[in-house]
Structures are given as C-alpha cells and as structure tokens.
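Read-outs: derived from the displayed coordinates by stated rules, not from any lab. Predicted, not measured: the structure shown is a model, and the values here were computed from it. We place every Cβ from the backbone using ideal geometry, glycine too, and count neighbours over all the protein chains shown.
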Amino acid sequence: MALKLLSDAEKVFILHGVKDDFRCDGRTRQEYRPIEVETEIVSNASGSARVRLANTDILVGVKTEIDTPSPTKPNEGKLEFFVDCSANATPAFEGRGGEELATEISNTLSKAYLCETVFDLQSLCILPGQQCWKLYVDILILECGGNLFDGVSLAVKSAIYNTKVPRIASATIDGGVVDLQLSDDPYDFQTLDVSSAPVLVTLTKIGERCVVDPTAEEEACSLVSVVLAVTEKGRCVTTLVRGEGSLHEDTLIDMLKVGTSLGIEMNKALKAALKLEQSKGENKERFGFLK
Amino acid sequence: MFAMPVDTKRIQGPEVSVPYDQFLAQQSQQSNEEAIGKERIDGRKSDELREIFLKTAVLSQAKGSAYIEMNNTKVICSVFDPREIPRKSEFSVNGELFCEFKYAPFSCRRKRGHQQDSEEKEMSAYLKRALEPAVCRHEFPNLQVDVYALVLENDGSALAAAITCAGLALADASIPMFDLVVAVQMGISITGKKFLDPTLEEEAYCFTLSGSDEKGSFGRVTAAFLPSLEQFSQVVQDGSMVTETYVEVLKELAHASKDAYRLSQECLLKAVQTSKEIKNAEQKN
Amino acid sequence: MMAENVCINVAYQRTTFTVPISQPTPRIYTPGEVISPHAGFIVSHGTYIDGDYLKASVAGVKEQVDKLVYVRPLKNRYNGEIGDVVVGRVTEVQQKRWKVDTNSRLDSNLLISSMNLPGGELRRRSVEDEKMMRKFLQEGDLISAEVQNVFDDGSLSLHTRSLKYGKLSQGILLTVFPSLIRRRKNHFHDLHCGASIILGNNGFIWISPTINTEVEGGAGGFTQNLDKEVSMEEREVMARLRNCILALAASKMSLYDTSIVYAFEESQKYKVSELLDAENMLDVALMTYHRLESQEET
C-alpha cells in the first residue's frame with residue numbers, strides 16, 4: 001500500500017511517542033484499536049463473518065464443496081484461501097495493484113492453517129481417497145485502513161467457526177462410483193473446530209520499539225514489520241518478515257515474546273466474542289457490513 | 001531480458017501426475033524415520049553444517065554469479081547489470097531488486113513445472129526481502145538489478161542456500177552492499193531433536209508427528225543475516241513452536257551463520273586474489 | 001498491571017444513537033430533481049437548466065441569493081475563499097512555487113514571492129532563493145497559510161506573509177469535513193489545557209504543543225526543532241484533543257474553540273485511549289452538545 005506522505009517533524013513526534021509508550025491516539029505500544037466482529041451475515045455462504053478494525057472492513061465468506069482428496073493426502077479435506085483486494089478499498093489496489101498484497105495474505109493464511117495441529121483437515125474427509133470437503137475461504141477487503149493481516153485472520157477464524165458443513169447420512173462406493181447421501185434435515189450440520197486456529201499479529205518496528213495495529217501515519221514511519229501466526233496456546237505457527245528493513249536479534253526476540261502474548265490475548269478475546277454472539281442465536285439483529 | 005516468456009504452446013506434461021515413490025513400500029520409509037530419530041544419517045552433530053562449497057564468477061554472461069553446494073543441495077545464482085525499471089513511470093529514489101527463485105524441473109522428488117508456481121513465487125519474495133536490506137539501493141536510483149536463483153538439486157535448506165549464494169553473487173557483481181548476506185536453516189522435531197542445515201529427509205522428519213500430542217515444538221526456521229551489522233533480514237518459519245524454543249533456535253542460527261559468513265568472505269577474497277594473479281601473469285606476458 | 005490490549009466487540013451490542021439535531025432538517029435535493037419550474041434564475045454551482053426547468057446536479061441543500069440559486073453539496077471538498085486560514089501539505093516543489101494539498105479539488109500554489117524568507121523583512125527574491133527552495137519546504141512538509149487568491153478553475157494561491165503562518169513542526173494532523181469547521185475570526189487557538197490548535201478552514205486541523213512565541217520568536221520561520229522531545233503531559237493533552245475532535249466530527253458537530261474545549265473537559269472521565277471506542281466517543285459528543293445547548297439558552 002502506498003505510504004502516507006509525512007513531514008520529518010511529524011515522524012519525529014510519532015517516534016518519540018512510541019518511545020514513551022504513548023502514541024498519538026493515546027494507545028500504548030501493545031494496544032489495539034477497538035475491533036468489532038459479526039458472523040452469519042451472508043445467507044448463501046456456509047459460513048461468513050465481518051470484522052471491522054478501526055476503519056478496515058473485511059468480509060469473509062466460506063463455501064463448502066465436494067472434491068477428491070489429493071493423492072498424497074487421501075485422508076484430508078482441502079482448505080483454500082483467496083484474498084480479493086478490490087479497488088473499492090483503496091485506489092492503490094486498482095488494476096493489479098493489490099495483487100501482490102493479496103497473494104501475500106493468502107499465502108500466509110494457507111501456511112498458517114497448513115499444520116495438522118492447527119486445523120484438523122481430516123475432519124473434512126468424507127471417503128478416504130475418494131471424496132472430501134473443500135472449503136473455499138474468500139476474503140473481501142471492503143475498506144482498507146491498515147493492519148490487514150490481523151483483521152483478515154480474525155475474520156477468517158470467525159467465518160470458519162461459523163461454517164456449517166452438511167452432515168453426510170451415508171457414503172458408499174458402488175462399482176467405483178461414489179454415492180453420497182446428505183442429511184435431509186437442513187439444520188443437521190457439523191461445525192468445525194477452530195480452537196487451535198491461529199490469529200495473525202503484526203508487529204511494526206518504529207524506531208527501536210515495535211507497536212501493534214499501526215495507524216497509516218505510523219506505518220509511514222516504519223521500515224520493517226513481523227507477522228506472527230499465534231495459536232491460543234501461544235504457539236507460533238508461521239512467521240513473515242515484511243518490509244525493506246532488517247532487525248537486530250534482540251528486537252526480533254522481543255517482538256516474538258510480545259507477539260505471542262498478544263496473540264494469546266487476541267484468541268481469547270475473539271473466542272469470548274464469538275461465544276457471546278452464538279448465545280444470541282438466530283434472533284440477533286444483523287448489522288451487515290460497512291456500517 | 002532473461003525472464004522466460006509464458007509459452008502456452010509448450011507441452012507442460014500431464015496436468016496431474018503422481019510421483020511413483022508414493023506407491024513404494026512404506027516400510028523403508030519407516031525404518032528411515034527411526035534411523036533419523038537416533039542420529040543423523042550423514043553422521044553430523046545436531047549443530048553442524050554440511051560441508052559447503054562456494055565459488056564465484058561461474059557464469060561468463062552474468063555480471064556476477066555464484067554457485068553453492070551443500071552436499072546434495074546445489075544452487076546456482078546470477079546477477080545482471082542494473083537496468084531501467086521496466087514499465088514504470090514514476091521515479092523511484094531507491095533502486096529495486098528483482099528476484100526469481102526457481103527449482104529446476106528435475107531438482108526435487110516430484111517434477112517441477114517450467115513456470116514459476118506459487119511456492120516458487122513465495123520463495124522469490126523471501127529471497128528479495130532477505131537481500132534488500134543489504135544492498136545500497138540508494139546508489140542506483142530508478143534502476144533494477146535482476147537476481148536469478150536456480151536450484152539444481154534440492155536436498156533440504158534450498159532457500160537458505162539460495163540466499164547465501166545470491167548474496168555472494170551480488171558481491172561478485174560489484175553491486176554496492178552494506179553487508180554480505182548468509183542464511184541458515186534449522187529443523188526441530190517433535191521429539192526435541194534439532195537439525196542444523198537439515199537434509200530433505202530430516203526436513204520431512206520434522207513434520208512427522210506420529211500421534212504424539214501437541215506439547216513439544218516442531219517445524220523449520222530459515223533465517224537470513226547481515227552478519228557484521230548483526231541484523232536479521234528475513235525469518236521464515238513453519239510448524240508450531242513455543243516462544244522459548246523459537247528464541248533458542250534463532251540464537252543458534254545466529255551463531256551458526258558466523259561459519260557461513262567466514263566461508264563467504266574467504267570465497268570472495270580468493271576470487272579477488274586469483275583475478276589479481278591472472279592480471280599479474282598477463283602483465284608479465 | 002495487565003491492561004487489556006485487545007478489545008473485540010460484537011456487532012449486535014453496538015449503540016447507534018446519534019447526537020440530536022436541533023434545527024429542522026432542510027430540504028435536500030437530489031441530482032436531476034426540479035428546483036424551480038421556470039428558468040428565470042442565474043445558474044450557478046450544483047444546478048443546470050433542462051428545458052424550462054432548473055434542476056439540481058448534486059445532492060444537497062438549496063441556497064438562494066436574489067436570483068442566484070445554487071445547491072450546496074452534502075459532502076464537498078474545500079472551496080477556498082480569500083482570507084481563509086488553511087493548513088496544507090507540500091506535495092511538489094517546482095520552480096518558484098510549491099504545490100500544496102489543501103483538501104481542495106486542485107492543488108494550491110504557494111509562490112516563493114508570497115512568503116517571508118529567512119531574514120525577516122521583505123526582500124527581493126534572488127536566484128539563490130529559488131535554488132534553496134527545497135531547503136525551506138520539501139515534499140511532505142506541513143504549512144499554515146492564508147488564501148490569497150482564488151482562480152477561475154477553483155485553485156488557490158496561498159501566502160504566508162505573516163509571522164503566524166509558516167512551516168509546522170511537531171504535532172498531529174487531523175482531517176475532517178471542511179463544512180464542520182465553523183468560521184470564526186480567529187482560527188489559531190492556544191488552549192488553556194496546554195496545547196495549540198489551528199483549525200484550518202479546509203478541514204485540516206493541526207494540534208501542536210503550545211509554543212512560547214516570545215522566547216522562540218513566532219512560528220513564521222522555517223526552522224524545525226527535531227531534537228526537542230514533547231513532554232509526556234503535553235503529549236497526553238494533544239492525544240486527548242485529537243480523540244475529542246474526532247469524536248465531535250464523528251457525530252457531525254461543528255468544530256470551534258468552545259466546542260473543542262468542552263469536549264476536552266467532558267472527556268476527562270475516560271482514559272485517552274478509551275476515547276477510541278465508538279460508545280465513549282458518542283458520550284463525549286452528547287455531553288458537549290448538551291453543554292452547548294444549555295449555554296445557548298441562558
């Protein structure tokens with residue numbers, strides 16, 4: 001994303017603020033802006049969620065379809081991420097402008113969800129070697145106000161949490177042809193376990209310190225940031241170093257520690273929010289997106 | 001100018017093909033796993049690098065080039081003269097690096113395509129970010145330096161080898177740099193065994209969980225360093241790691257990179273000396 | 001101390017009250033809507049003539065001065081007027097002039113001849129000065145200035161020929177809708193709470209630590225003190241002001257010294273970072289609104 005133009009004096013002001021642990025909007029270095037989440041907002045999707053982080057708005061829809069498992073992993077279903085950075089979000093995404101960022105985000109997500117301890121792909125298997133579920137996770141960036149990685153990961157986790165996979169009544173092979181019978185009851189579905197799915201925490205290095213959830217102005221003051229995928233148990237499953245700068249060993253280690261502890265916190269907060277939302281059931285008022 | 005144009009008419013081979021070794025008896029694989037669990041097959045200590053062979057100026061057409069061999073992992077890398085950034089209208093204050101990472105079709109267990117796949121594109125991005133902080137990009141504004149890394153044979157740690165090799169090739173091409181770049185990989189298995197500079201088998205072993213519960217850490221970390229500035233320029237990690245173990249691994253990688261750094265330096269020095277000798281010899285003639 | 005760093009809310013718990021509007025909503029025209037059945041008016045901004053009808057071309061409120069009818073759009077970029085105080089960001093350095101982003105449709109111009117150069121008094125601009133342009137102001141720098149002239153195409157020319165204008169140093173820039181800034185005699189305020197603000201008519205608001213003008217000799221210079229660290233107290237006041245102004249702007253309340261000071265005072269019960277929460281922002285705006293209302297009544 002194009003960086004905001006700032007004067008040297010403004011940068012100095014931000015830099016000192018980060019050093020004093022009191023940022024321009026009064027946050028500490030490790031404080032996020034308020035986040036809002038809503039699930040089940042697209043009726044045609046198997047699962048959906050919207051996350052608003054300051055002025056970043058992300059909509060995720062999950063579609064479930066049937067596919068054949070890959071020959072190397074006959075017992076596993078498939079999970080695919082696609083990020084669409086549409087020019088609606090910011091003019092910088094116009095044409096192929098958002099493509100690089102989009103692939104980067106989807107690659108990071110697929111890497112983060114790849115590990116079997118993170119997400120159980122075997123639960124998506126219908127008939128080993130024959131049929132499995134494939135989840136298409138489509139991520140739409142409606143408004144881009146920075147900190148995309150963190151917001152996207154929250155939305156993805158919420159949407160998968162919300163996903164309803166139809167229950168299979170019977171699956172048989174008859175003369176080499178697979179015969180699937182889905183349950184007649186539309187309310188008979190299985191949900192997916194996301195308890196150990198990761199969230200992404202981006203730590204942006206400003207001066208000698210690092211901050212989370214930077215504003216556009218703060219992003220302009222930074223050369224390098226580290227994206228960590230952290231599970232609820234505080235395990236790091238993917239690391240990505242972005243930007244054109246480099247990091248000292250101590251800074252990196254400090255970032256790892258801060259990142260994991262924040263990741264744990266974020267997973268917990270999301271879990272609580274999703275529980276709260278689920279307890280409200282079908283009757284809750286829907287807000288939809290971009291509001 | 002060397003970027004391969006996408007040729008749709010070229011026969012790509014069957015769309016979906018399966019490597020045959022998948023149908024081999026599972027037994028040999030299992031016994032192999034057991035062996036790795038005990039000690040490293042090539043007899044190395046857990047914190048020992050493979051023997052590294054480095055050579056610069058291996059290609060005559062490129063401005064700079066380098067070749068790295070770490071036993072069966074072989075990577076060749078070339079760097080071309082700065083040229084104007086193609087298809088770019090705006091002036092950029094800093095020069096750009098264009099990096100392409102490619103596995104040769106025969107380099108891996110499974111056949112690789114002729115065109116870059118998504119994994120190779122990802123690797124290219126890592127390579128670019130690993131090199132960028134080391135290059136004095138302000139010295140060639142509005143220009144682009146092309147870096148091509150080709151993996152001839154992959155037996156583990158291919159990315160690390162490519163980064164080290166590309167760093168050396170840049171230096172060989174006399175591109176101004178703040179520091180050399182070296183990269184090392186480490187794998188860690190669920191049993192807690194560490195493998196510095198893992199082979200392909202060892203990399204795979206780090207991901208076999210064989211039913212053990214999620215307590216220990218496992219996975220791989222590749223880190224690129226600017227050794228004299230003591231900076232990490234890129235860290236690539238996968239698997240699942242507890243912070244303490246992760247930090248430990250990073251520290252060990254930083255330590256191990258010193259050896260690789262020394263080798264890179266020696267290699268460059270030697271190259272300069274030999275070219276000097278050639279010059280002297282020429283003058284005598 | 002384990003402060004909560006991450007706060008995830010659920011959408012259905014959101015509050016969506018707004019600050020009440022005291023005046024009745026004016027009639028809003030939509031593009032293509034007939035304003036008047038006969039075309040006996042002078043056509044101006046936001047209107048066009050179709051046959052016998054005068055129609056609106058933008059969504060907005062009708063304004064009429066004698067025979068002149070125009071439609072003021074709801075959302076608008078800044079339309080400059082001579083004498084306005086603006087805050088702008090230099091986007092380009094050209095020969096003899098700087099291009100300045102002032103939130104208008106076109107970039108504004110600041111000519112080297114319409115500024116006080118170092119040395120204080122008016123003096124002839126030499127070729128040397130032109131070569132030093134980037135030394136005075138470079139891309140990204142912020143300035144406060146006054147609108148000197150409005151050209152036909154709507155672009156502005158600015159001047160900084162007073163000591164109160166010039167390059168801005170350390171501080172925070174905010175952008176709000178220009179229509180939210182109330183026109184006042186003075187747009188420079190040294191607030192008692194310990195910070196200065198410049199409410200640019202163009203919707204750019206500048207918050208900075210109060211500068212002791214007597215000691216440092218005015219802001220009209222082109223020097224920046226980059227080493228000086230803003231103290232923690234000042235920083236907190238500035239951050240609180242920032243969040244208060246954004247809270248008022250989110251509720252579409254007009255911004256001027258009194259409203260900002262009131263909001264600042266009403267916000268004291270919250271921590272600065274708590275003011276980022278939509279609910280608290282609304283609360284501050286409401287409290288400010290009531291205070292302003294009650295004052296108007298007395």
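About its Cα centre, the dipole of the protein assembly as shown is roughly 1520 debye, where the only charges are +1 on Lys and Arg Cβ and -1 on Asp and Glu Cβ.
Under a Gaussian network description of chain A, with springs only between Cα atoms under 10 Å, the residue in A:PRO214, A:PRO198, A:PRO128 that fluctuates furthest is A:PRO128.
Cross-link partners for C:LYS55 among the aspartates and glutamates, with Cα-Cα distance under 14 Å and sequence neighbours closer than 8 places in the same chain left out: C:GLU33, C:GLU63. Projecting the Cα atoms of A:LEU140, A:VAL177, A:TYR187 onto the charge dipole of the stretch A:8-196, computed from C-beta unit charges around the Cα centre, puts A:LEU140 farthest toward the positive end. You can think of it this way: the chain between C:ASP153 and C:ASP190 has 9.8 nm of extra reach, that is 0.36 nm per residue less the Cα-Cα gap. Mind checking the angle between helix B:118-131 and chain B's longest principal axis? C-alpha axes, 0 to 90 degrees, to the nearest 10. So the inclination is approximately 60 degrees. Rounded, prolate or oblate: which fits the stretch C:31-73 when a ≥ b ≥ c are the square roots of the eigenvalues of the alpha-carbon gyration tensor, with rounded for a/c under 1.5 and prolate only if a/b beats b/c? Note, shape of the stretch C:31-73 comes out oblate. Working note: 222 nm ellipticity from helices only, DSSP H runs with n ≥ 4, each -39,500 (n - 2.57), summed and divided by the residues of the protein assembly as shown, gives -8500 deg cm²/dmol to the nearest 500. Its Cα gyration tensor gives the stretch A:8-196 an equivalent ellipsoid, and the semi-axes of that ellipsoid, as √(5λ) in whole Å with the largest first, are 39, 16, 16. Among B:216-223, C:59-66, sorting by the average number of other beta carbon atoms lying within 10 angstrom of each residue, highest first, gives B:216-223, C:59-66.
Taking the Cα centre of the stretch A:8-196 as origin and assigning +1 to Lys and Arg Cβ atoms and -1 to Asp and Glu Cβ atoms, the resulting dipole is close to 340 debye.
Counting only C-alpha contacts under 8 Å and six or more residues apart, can you give the relative contact order of the stretch A:8-196 as a whole percent? Mind showing how you got there, number by number?
Values: 362 pairs, mean separation 47.5, N = 189.
Taking the mean separation of contacting Cα pairs over the length of the stretch A:8-196, I get 25 percent.
Neighbours of A:PHE149, meaning other residues whose beta-carbon lies under 13 angstrom from its beta-carbon, give a summed charge of -1 when Lys and Arg score +1 and Asp and Glu score -1.
Over every Cα atom in chain B, the radius of gyration and the widest Cα-Cα span, Dmax, amount to 20.3, 72 Å.
Round to the nearest 10 and give me the degree value, 0 to 90, for the angle of helix A:8-19's Cα axis relative to the longest principal axis of chain A. Helix A:8-19 and the main axis of chain A meet at about 70 degrees. Please work out the FRET efficiency for the pair B:SER60 and C:ARG134, using the Cβ-Cβ distance as r and a Förster radius of 60 Å; give the result to the nearest 0.05. Once rounded, the FRET efficiency stands at 0.85.
Quick one: if the Förster radius is 25 Å, what FRET efficiency do B:ASP81 and B:GLU277 give, using the C-beta to C-beta distance and rounding to 0.05? After rounding to 0.05, the efficiency reads 0.45.
DSSP beta bridges confined to the stretch A:8-196 are antiparallel in about 80 percent of cases. Calculated FRET efficiency, B:LEU24 to B:PHE178, Cβ-Cβ distance, R0 = 35 Å: about 0.15 to the nearest 0.05. Since only A:GLY207, B:ALA35, A:MET255 are under comparison, the one whose Cα sits farthest along the positive direction of the charge dipole of the protein assembly as shown, derived from C-beta charges on Lys, Arg, Asp and Glu, is A:GLY207. Relative to the longest principal axis of the Cα atoms of chain B, the long axis of helix B:26-38 makes an angle of roughly 80 degrees. Based on the alpha-carbon gyration tensor of the stretch B:155-285 and its eigenvalue square roots a ≥ b ≥ c, which shape applies: rounded if a/c is under 1.5, prolate if not and a/b is larger than b/c, or oblate? Note, shape of the stretch B:155-285 comes out prolate. Note that the stretch B:109-116 has calculated 3J(HN,Hα) couplings of 3, 8, 6, 9, x, 7, 8, 4 Hz, one per residue in order, obtained from phi through the Karplus relation 6.51 cos²θ - 1.76 cosθ + 1.60 (θ = phi - 60°); glycine and proline are x.
The peptide list C:72-85, B:196-209, B:92-105, put in order of mean Cβ contacts within 10 Å with the highest first, becomes B:196-209, B:92-105, C:72-85. Helices in chain C that qualify as membrane-span-like (whole DSSP H runs, Cα extent of at least 20 Å along the helix axis, mean Kyte-Doolittle hydropathy of -0.5 or higher) are C:232-250.
Backbone phi angles across the stretch A:249-256, fed through the Karplus curve with coefficients 6.51, -1.76 and 1.60 (θ = phi - 60°), yield HN-Hα couplings of 3, 5, 4, 4, 5, 4, 4, 4 Hz in residue order; Gly and Pro are listed as x.
Sort B:78-86, A:137-145 for me by packing, meaning the mean count of neighbouring Cβ atoms within 10 Å per residue, highest on top. List each step's numbers first, then the result.
On the way: B:78-86: 17.1, A:137-145: 20.7.
Packing order, densest peptide first, comes out as A:137-145, B:78-86.
Note on B:LYS121: aspartates and glutamates with a C-alpha under 12 Å away, same-chain residues under 8 apart excluded, are A:GLU100, A:GLU104, B:GLU100. In whole Å, how far is the Cα centre of the stretch C:53-122 from that of the stretch B:109-157? Result: 48 Å between the Cα centres.
Look at the dipole of the protein assembly as shown built from charges on Cβ: of B:PHE91, B:PRO176, B:VAL145, the Cα furthest out on the positive end belongs to B:PHE91.
The distance between label points at B:ALA104 and A:SER70 comes to 2.5 nm (points 7 Å beyond Cα on the Cα→Cβ vector). Based on C-alpha pairs under 8 angstrom that are at least 6 apart in sequence, chain B has a relative contact order of 18 percent.
When every Cα-Cα distance of the protein assembly as shown is counted in 20 angstrom steps from zero, the calculated P(r) takes the values 12, 39, 34, 14, 1, 0 percent. Taking 7 Å steps out from each Cα toward its Cβ at A:GLU80 and A:LEU142 produces label points 2.5 nm apart.
Taken about its Cα centre, chain C carries a charge dipole of roughly 680 debye when the Cβ of each Lys and Arg holds +1 and the Cβ of each Asp and Glu holds -1. For B:GLY156, the residues 5 or more places off, or on other chains, whose built amide H falls under 5 Å of its own are B:LEU200. In sequence order, the stretch C:159-173 has phi-based couplings of 9, 10, 7, 7, 5, 6, 8, x, 6, 9, 9, 6, x, 10, 9 Hz under the Karplus curve 6.51 cos²θ - 1.76 cosθ + 1.60, θ = phi - 60°, and Gly or Pro positions carry x. A simple spin-label model places the labels of B:GLU266 and B:ILE41 2.7 nm from each other, with each point 7 Å out along Cα-to-Cβ.
Provide a whole-number value for the mean count of partner chain Cβ atoms within 10 Å of the Cβ atoms in peptide B:228-237. Walk me through the numbers before you get to the answer.
On the way: counts 0, 2, 5, 8, 10, 6, 7, 8, 5, 10.
That average works out to 6.
Residues within the reach of a label modelled at C:ASP66 (point 7 angstrom out along Cα to beta-carbon, backbone nitrogen below 14 Å), restricted to the stretch C:37-60, are C:41-43. Using only the alpha-carbon atoms of chain C as identical scatterers, what base-10 log of I(q)/I(0) does the Debye formula give at q = 0.09, 0.10, 0.13, 0.14 Å⁻¹? Values, matching the q order: -0.56, -0.69, -1.04, -1.14.
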